[in-house]
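Worksheet: the structure to be examined is printed underneath.
The values are calculated or read from the model by the stated rules, or taken from the named source; none is laboratory data. Fair warning: this is a prediction, and the values are worked out from it, not measured in the lab. Every residue, glycine among them, receives a Cβ derived from its backbone with ideal geometry; neighbour counts consider all protein chains shown.
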Amino acid sequence: MSSTRLTRRSVLALAGAGLTGGCVRQLESTVARDERTPLSLSVKTVPADTDAMATRLARYLATRLQTVGIAATVVPMSREELLRDVLSNHDFDIYVSRLLLRRDPDFLRPLLHSRYGPGRGWQNPFGYGDLSLDSLLERQRTETGSVRAATLAEIQRRVAEAQPFTPVAAPRPAQATRPERANWPDGVGIHSLTGYLGARTVPTAATASPTESTAAPSATPTPTERPTSATTTDGPTPANELRMTLDDSRPTENLNPLSTPFRSDGTLLDLVYDSLGRPIYDRMRPWMAASWEWSDGDATTLSLRLRDDLVWHDGEPITASDVAFTFRFISDTALGSLDQSVPSPRYRGRASLVDSVDAASDREATIRFGDVSRSVAARALTIPVLPEHVWEPFARPTSASWLDGGNVTEALVRNNLSPVGSGPLRVTGTTARESISMEPFADHFLATDDALDGWLSRFDGGLSFDSLRFDVVPSDGAAVELLAADAADATANSLSADAREAAEEEPGISVRSSRPEWCYHIGYNHRRPPFMNPRFRRAVARLVDREFLVESLFGSEARPASSPLETTQYVPDDDAWRETVSELDFVGDAGTGTLDAERARSVFEDAGYAYSTDGTLLIQE
């Protein structure tokens, strides 16, 4: 019996010949069922010398995908290119990267809420949409205590079932230090605001009479400033300089706090830009604000008062108008000059918590939040406050060659290499892809306020070193070599298992671990088939042997992660959660990495996919 195979082109030809719409749709349906093609996918990640763990995880995943008949290739690219493709242009199939974990679970709302899918940044880069999950994410904003915990448990079950992305492991960051150069505070990571401000010099012959930094002040950017590749600082190196290694060159080329592709973490920007509050030692505490108070009978209105005599790095006074401007600017960097708002890809989720900010005087402001709990509202207080006189001129629309469509403003693309902030450190110079130097800001409140008390007293005087320098290294192994040669004092970058072992064998070097701050995850682009199908995503997730990866990639210095809240107290501990997780168990001999290929293929077949006679997985065109 012979049969004729209709192609889409044939269908269109028949439609042009006069077939009715109903007949055409019927034929299209038949063709869609009949036309199946081999599935090929790219797994985007960074190169091994940038993040060896991410590269090895991507290769592991690609190999397992190939085993089940999917033509998968690993595509390494720079951090900046990866974040542009994933966060800005949404140009990816699968990616492997780090996901920064926040202390408050509300970070899941912008990460997964459907309203953020069309935007840019870490706000829903997957393009995931689930109205029932949206409702839960909205609800947890208003809840507290056990009620919120129950909602968050349901959110985690929904996320685990749908697998919009697959968490893999949350490593414990490990940094190497030379203890004879600096005493680091306990209980916090070295590469953090509290780590640097809490570090104290260890007196030596070189630091007994420290010389003052002679670094020339960086110029204040003008409204017509054009991006440049680097700024440099001439002058001798201060004797009492804290020398850090950094495995990420992007901050030497861009210090724009609004630029997502150039940010892996916000530590350097935390040193340069202050915020109203800081999460310090697990509590949100006033920082630029001297105090704040919730209005009686109104759980969504906060009145705050700025500290006395706050100034920007260029000497201009800081006022409550700068605070009001910042929240308005984050929500629309075009400041209403375009038909459509152009929000900052960074901080957009936190800014969405705020309805309005009014400056009652130079030092007083009132912040009105939406219908959210106070603990969730406090997340907005961590947004860096920006000087209006510097940023307002950059609200103009512009274009970017690397951005696919959409409005963009100069504020989002300027490199800001001479940043004007109000933080405890100011940038004195950068050399592209090589180094960035900072020095204490003499007019910061930590250095000028004689009445610091309580928890702030531990930061009295600000940075205890004359300067702070970050030198870019090609790998964490190279960083350990610099420490061993006494050419660096500590690593800002976290060490891989191999580099950690090498550091522990070096005399004079100590290794410190801190609690997990991010998790490695596998992200799926829901805008493309077959990732729109949750059954397919679940089948991919079952190729991942977390126990094996934790041991082989991280040397047990990590914890398996089945939830993005794995490092918080909100992970469920009940039968419903355990059952949900067990349904995503690795298809093979757990802990060994050995995949049961036949069983794994059956999982994809159970999800509705077919195989060709040569074992290639097929999808409908």
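Would you point out which residue out of R433, R379, R396, R426 is under 22 Å from the mean Cα position of the chain (by Cα) and farther than 30 Å from D298 by Cα?
Numbers: R379 fails: farther than 30 Å from D298 by Cα; R396 fails: under 22 Å from the mean Cα position of the chain (by Cα); R426 fails: under 22 Å from the mean Cα position of the chain (by Cα).
Only one candidate passes the filter, namely R433.
Pairs, please: C-beta under 7 Å, at least 6 apart or cross-chain, first residue in contact (Cβ under 8 Å) with a residue 60 or more places away in the chain and in the stretch 521-537, second part of a helix (DSSP H, G or I)?
Within 7 Å, the pairs are I522/L61; G523/V86; Y524/R537; P530/F536; F531/R537; P534/A162.
Please go through the stretch 142-164 and give me each residue that is crowded, with 17+ Cβ neighbours inside 10 Å and not in a helix (DSSP H, G or I), ordered by number.
Result: E143, Q163, P164.
Considering only residues that are free of Cβ contacts under 8 Å to residues at least 40 places away in the same chain and either within 18 Å of the chain's Cα centre (by Cα) or in a helix (DSSP H, G or I) (or both), which ones fall in the stretch 351-376?
Of everything in the stretch 351-376, just one residue is free of Cβ contacts under 8 Å to residues at least 40 places away in the same chain and either within 18 Å of the chain's Cα centre (by Cα) or in a helix (DSSP H, G or I) (or both), namely A351.
Assuming E392 fulfils every condition listed in (1) outside any helix (DSSP H, G or I); (2) in contact (Cβ under 8 Å) with a residue 12 or more places away in the chain apart from one, which condition is it?
(1)
What about P185, is it modelled with pLDDT of 55 or more, at negative phi and not assigned by TED's automatic domain parsing to the domain that holds L82?
Values: modelled with pLDDT of 55 or more: yes; at negative phi: yes; not assigned by TED's automatic domain parsing to the domain that holds L82: yes.
Judged against the criteria, P185 is a match.
How about the stretch 468-493: which of its residues are part of a loop (DSSP other than H, G, I, E, B) and hydrophobic (A, V, I, L, M, F, W, C)?
Taking the stretch 468-493 and keeping what is part of a loop (DSSP other than H, G, I, E, B), we get 473-475, 485-489, 492-493.
If the condition is that a residue be part of a loop (DSSP other than H, G, I, E, B) and hydrophobic (A, V, I, L, M, F, W, C), then V473, A485, A487, A488, A492 are the ones that fit.
Quick one: is V43 at pLDDT 95 or above, touching a helix residue (DSSP H, G or I) at 6+ places or on another chain (Cβ under 6 Å) and outside the structural domain of P279 (by TED's automatic domain parsing)? Please lay out each step first, then the result.
Details: at pLDDT 95 or above: yes; touching a helix residue (DSSP H, G or I) at 6+ places or on another chain (Cβ under 6 Å): yes; outside the structural domain of P279 (by TED's automatic domain parsing): yes.
So V43 fits the description; yes.
Quick grid of which residues meet (1) farther than 15 Å from L61 by Cβ; (2) modelled with pLDDT of 95 or more; (3) surrounded by fewer than 17 Cβ atoms within 10 Å (Cβ to Cβ):
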position: S514; (1), (2), (3): yes, no, no
position: W518; (1), (2), (3): yes, no, no
position: H521; (1), (2), (3): no, yes, no
position: E566; (1), (2), (3): yes, no, no
position: E579; (1), (2), (3): yes, yes, yes
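Could you tell me which of the residues E138, E80, E154 is over 21 Å from H521 (Cα atoms) and not assigned by TED's automatic domain parsing to the domain that holds Y281?
E138
In the stretch 297-344, what count of residues is obtained for those that are farther than 29 Å from P440 by Cα and of a type outside the set (S, T, Y)?
So the answer is 14.
I want to confirm something. Restricting to the stretch 306-349 and keeping residues that are of a type in the set (K, R) and within 19 Å of P387 (Cβ to Cβ), which single residue is surrounded by the most Cβ atoms within 10 Å (Cβ to Cβ)?
Pass one, the stretch 306-349, residues of a type in the set (K, R): 307, 328, 346, 348.
Pick out the ones that are also within 19 Å of P387 (Cβ to Cβ) and you get 307, 328, 346.
Values: R307: 17, R328: 17, R346: 26.
Within the stretch 306-349, the match that is surrounded by the most Cβ atoms within 10 Å (Cβ to Cβ) is R346.
Being of a type in the set (K, R) and part of a helix (DSSP H, G or I) is true for just one of R102, R139. Which residue is that?
Just one listed residue meets the conditions, R139.
How many residues does the stretch 80-133 contain that are of a type in the set (G, A, S) and within 17 Å of N407 (Cα to Cα)?
Quick first cut of the stretch 80-133, residues of a type in the set (G, A, S) only: 88, 97, 114, 117, 119, 121, 127, 129, 132.
Next cut, within 17 Å of N407 (Cα to Cα) only: 88, 117, 119, 121.
Total meeting the criteria: 4.
Go through the stretch 64-81 and count every residue that is farther than 16 Å from A541 by Cβ, within 27 Å of the chain's Cα centre (by Cα) and at pLDDT 95 or above.
Selection size over the stretch 64-81: 5.
Among (1) of a type in the set (A, V, I, L, M, F, W, C); (2) under 18 Å from G121 (Cβ atoms); (3) modelled with pLDDT of 95 or more, where does I436 come up short?
(2)
Return the only residue of R79, R120 being crowded, with 20+ Cβ neighbours inside 10 Å, under 25 Å from P345 (Cβ atoms), of a type in the set (K, R) and in contact with a Pro (Cβ under 7 Å, 6 or more places away or on another chain).
On the way: R79 fails: in contact with a Pro (Cβ under 7 Å, 6 or more places away or on another chain).
Checking each option against the conditions leaves just R120.
Considering only the stretch 59-94, how many residues are under 25 Å from L111 (Cβ atoms), in contact (Cβ under 8 Å) with a residue 40 or more places away in the chain and in contact with a strand residue (DSSP E or B) (Cβ under 7 Å, 6 or more places away or on another chain)?
7
Name the one entry in A174, A182 that is under 23 Å from R546 (Cα atoms) and of a type in the set (G, A, S).
Every option except A174 fails the conditions.
Only one residue in V376, V372 is under 21 Å from D270 (Cα atoms) and not assigned by TED's automatic domain parsing to the domain that holds L100. Which one?
The match here is V376.
Identify all residues within the stretch 549-559 that are farther than 20 Å from R102 by Cβ and either among the β-branched types (V, I, T) or buried (at least 19 other Cβ atoms within 10 Å of the Cβ) (or both); write none if there are none.
Within the stretch 549-559, L549, V550, L553, F554, E557 meet the criteria.
Within the bounds of the stretch 512-525, is there any residue that is among the β-branched types (V, I, T), within 30 Å of R178 (Cα to Cα) and within 26 Å of the chain's Cα centre (by Cα)? Spell out the reasoning first.
In the first step, residues of the stretch 512-525 are kept if they are among the β-branched types (V, I, T); the result is 522.
With within 30 Å of R178 (Cα to Cα) added as a condition, the list becomes none.
Checking the stretch 512-525: not a single residue is among the β-branched types (V, I, T), within 30 Å of R178 (Cα to Cα) and within 26 Å of the chain's Cα centre (by Cα).
Is it fair to say T177 is touching a Ser or Thr at 6+ places or on another chain (Cβ under 7 Å), under 30 Å from N493 (Cα atoms) and either at pLDDT 95 or above or crowded, with 19+ Cβ neighbours inside 10 Å (or both)?
Taking the combined requirement at face value, the residue satisfies it.
Considering (1) touching a residue at least 40 places away in the same chain (Cβ under 8 Å); (2) more than 23 Å from L137 (Cα to Cα), say which one D596 fails and leave the rest.
Condition (1) is where D596 drops out.
Which of the residues belonging to the stretch 586-617 are buried (at least 17 other Cβ atoms within 10 Å of the Cβ) and part of a strand (DSSP E or B)?
Residues satisfying the conditions are G588, L595, L617.
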